[in-house]
Amino acid sequence: MEFALLNGEIIDRSEAKVDVEDRGYQFGDGVYEVIRIYNGKMFTIDEHLERFVKSAESIGITIPFTSLQLSEMLEELLIKNNLETGNIYMQVTRGIAPRNHVFPTGNVVPTLVAYTIKGVRPLESLKSGVKAILTEDIRWLRCDIKSLNLLGNLLAKQKASEQGCFEAIQHRGDDVTEGSSSNIFIVKNGMVITHESNNLILKGITKDVILELCIKNNIQVQERTFSLAELEEAEEVFLSSTTSEVMPVIEIEGKKIRAGVPGPITQKLQGLFEKEIEKQCGLLVNKVY
Ligand code: PSZ
């Protein structure tokens, strides 16, 4: 049997149902996290919980559990579901109330759900890289909140998928922001460059791990806005996310980057990232490097 977490209780996954008037269902009025599991252990769990609480607070939702309680419940869920490699999906909504744009008053309790998904590392793509398209970033101006409202992201990803590509790199006019579900990095004159973490992008946890790895390993790094022209002229391009880790981008809009092979700095960071996983979660069986 598979289990899910619903409002603090671990129950049969098939019994975990939400009300039609849950505000997450009707308005996307909630926030979420995806946490990567390697060897049955949660990678960067503190960072994910911190961002979860922060996202919730930023829309006025108070999660009715402490971070410690959350991590203990997730730990129990992992064990009960016997998850070795995969993800935990967790979301909290403002709760169940008669449909009204105005926030409900009174004792409406947030709905908190978590469940697990089995999934291996995308080793083939990590080795050979992926293709991307470009698309105008049509999303709202609070992309720093990990909101359930993902229509802008979905439309971008769908467009990429229809063109046989893995990711859509979004830009606001001339400025590259982020992927539909990833952060974007370029290498220029040996320097790693990625958009600063402000309201226009999600402050990726993988991004922050990569930035720290750069600093510790004397790879020059800059958090700043970069242009479409800089993207086009980049020596290397890669993207990052919880499930994609450090993913080489080898082609954008049909134009190959570096003759279509992952670059040396990207590969170095992939190796360092695997070491970081092993530090937190134990030895990996299948590796890129
Ligand atoms: O399973 C998947 O495809 C996942 S799991 C997490 C993501 C995709 N993406 C998170 C994300 C995002 O949605 C946007 C818009 N920007 C950046 C990221 C990367 O964030 P982290 O590194 O925290 O996963």
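The values are calculated or read from the model by the stated rules, or taken from the named source; none is laboratory data. If you're wondering where the values come from, they're calculated on a predicted model, not measured in any experiment. Every residue, glycine among them, receives a Cβ derived from its backbone with ideal geometry; neighbour counts consider all protein chains shown. The protein model used for the area step is the full one, side chains on, heavy atoms only, and it has no ligands, DNA or RNA in it. Shrake-Rupley method; radii C 1.70, N 1.55, O 1.52, S 1.80 Å.
For this structure, a couple of remarks:
- Residue 114 satisfies every condition listed in (1) out of contact with any helix residue (DSSP H, G or I) (no Cβ under 8 Å at 6 or more places or on another chain); (2) within 16 Å of the ligand (Cβ to nearest atom) except (1).
- Any helices (runs of 4 or more DSSP H) falling wholly within region 9-128 and containing at least 3 residues that are open to solvent by less than 10 Å² (accessible area, probe 1.4 Å): 45-58, 67-81
- Qualifying residue in region 227-235 (condition: open to solvent by 50 Å² or more (accessible area, probe 1.4 Å), in a loop (DSSP other than H, G, I, E, B) and near the ligand (Cβ under 9 Å from one of its atoms)): no
- Subset of region 225-240 (residues that are within 20 Å of the chain's Cα centre (by Cα) and over 17 Å from residue 268 (Cα atoms)): 225
- Every pair of residues 6+ apart whose Cβ atoms lie under 8 Å, when the first sits in region 27-39 and is more than 21 Å from residue 64 (Cα to Cα) while the second is outside any strand (DSSP E or B) and of a type in the set (A, V, I, L, M): 37/78; 37/83; 38/277; 38/284; 39/283; 39/284
- Here 239, 202, 231 are screened, and the one residue that is closer than 19 Å to residue 124 by Cα and modelled with pLDDT of 95 or more is 239.
- Of residues in region 178-213 being farther than 21 Å from residue 48 by Cβ and open to solvent by less than 10 Å² (accessible area, probe 1.4 Å), the one farthest from the chain's Cα centre (by Cα): 187
- The set of residues in region 84-111 being of a type in the set (Val, Ile, Thr) and either on the phi > 0 side of the Ramachandran plot or more than 16 Å from the ligand (Cβ to nearest atom) (or both) consists of 92, 93, 96, 102, 105, 108, 109, 111.
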